[in-house]
């Protein structure tokens, strides 16, 4: 079906039945993408739990540090791991 673009330029819109490899790689519903999201979600939850456990062990509030890890996962884990303990030895 011809499409008039202006100034006498005509383009032809042809229906495509096959998808290009680039589109297939960027498809957000592919099984590899879903598995990647699930693995990422599990790692995120583990980082939150690990941050809260380290905070509890160091005598700090696990709720606050877990909440911080919810928003700033890796950064919070590094910070709480490097902080000194409040408990006396």
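If I stretch the segment between residue 31 and residue 78 completely, what's the gain in nm (0.36 nm per residue apart, minus their alpha carbon distance), one decimal? All intermediate terms of the calculation are to be shown ahead of the outcome.
Numbers: separation 47, 0.36 × 47 = 16.92 nm, distance 3.20 nm.
In short, 13.7 nm is gained.
Which order results if 67, 77, 46 are arranged by neighbouring Cβ count within 10 Å, fewest first?
On the way: 67 15, 77 19, 46 12.
Sorted ascending by nearby Cβ count, the order is 46, 67, 77.
What is the diffusion coefficient of the range 41-89 in µm²/s, taking the Kirkwood radius over Cα pairs and the Stokes-Einstein relation at 4 °C with a viscosity of 1.567 mPa s?
Working: Rh = 10.4 Å.
Once the numbers are plugged in, D ends up at 125 µm²/s.
Provide the gained length on full extension for the span residue 86 to residue 43, in nm with one decimal, where the gain is 0.36 nm per separating residue minus the Cα-Cα distance. Can you show the working numbers first?
On the way: separation 43, 0.36 × 43 = 15.48 nm, distance 2.76 nm.
Length gained between residue 86 and residue 43: 12.7 nm.
FYI, it's all coordinate maths here, none of it is from the lab. What you see is a predicted model, and the numbers here were worked out from it, not measured in a lab. Note that we place each Cβ from the backbone using ideal geometry, even for glycine, and neighbour counts take in every protein chain shown.
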